[in-house]
Amino acid sequence: MNKILAWTCVILLIASQCQGAWWVKLGGAAAGGEGEPTCDTGTSVISQLSATSAAGTNGYSIGQSFTVSSSFYLYSITIRVNNDAASGNLTVRWGTSTDLSGTCGIGNNCIEEVTVATPNYPGGGQIYEFVMSTVNELTAGVYYLQVAGSTNYDISRESTSSYTGGDYYYGTAGTWIATSVVSGRDMYFVVKSCD
């Protein structure tokens, strides 16, 4: 009788352990895919936090390149706005080229676009964090971000270059193409990886 009871306990213990492992694996896959993080929070991996001037989005597409030295999953991109002209939308696109026009998605120059509604903040100095809606891995290389607004926003930048891993770009508004480099300037920006 004791042997039967002992074997029953062993079988139940094994079954409960298998069920627990099965549940954890499904939970991880549902959140971010096999081997991907869940992306509930982010940690700063690239940043340029100096801002002594600004450039308006009225008539311009404003961008910044940044260099990734080792792979990570992108959580968010943060920018700073010196002053908001009015309530509206602010959009960030990121990808693999200074030409981020066209449809965004894997395999295209533009990987993802995120838009936030912005209230009117007189006096400015507002920080906007654009949390990604999909989990994308950035491998080592150069990437580009661009900002556009439904009204004129003054995007914060440093008038003397402080970020050595990329350049400040601008182009014609509404095109998502920013190929003109301004040496000695960098946007205020933060790139966060998934935790």
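Only the coordinates and a few stated rules stand behind these numbers; no lab work does. In this text the structure is predicted, and so the values were computed from the model without any measurement. Cβ atoms come from the backbone with ideal geometry, glycine included; neighbour counts cover every protein chain shown.
Extending 7 Å from the Cα toward the beta-carbon at both ALA117 and ASN152 defines two label points whose distance is 2.5 nm. Shown for SER53, SER161, SER65: other C-beta atoms within 10 Å of each C-beta, ranked fewest to most, produce the order SER53, SER161, SER65. Once both labels are positioned 7 Å from their Cα atoms along Cα-to-Cβ, the gap between VAL181 and THR91 label points is 2.7 nm. Computed extension gain for VAL131 through SER162, at 0.36 nm per residue and net of the alpha carbon distance, reaches 8.7 nm.
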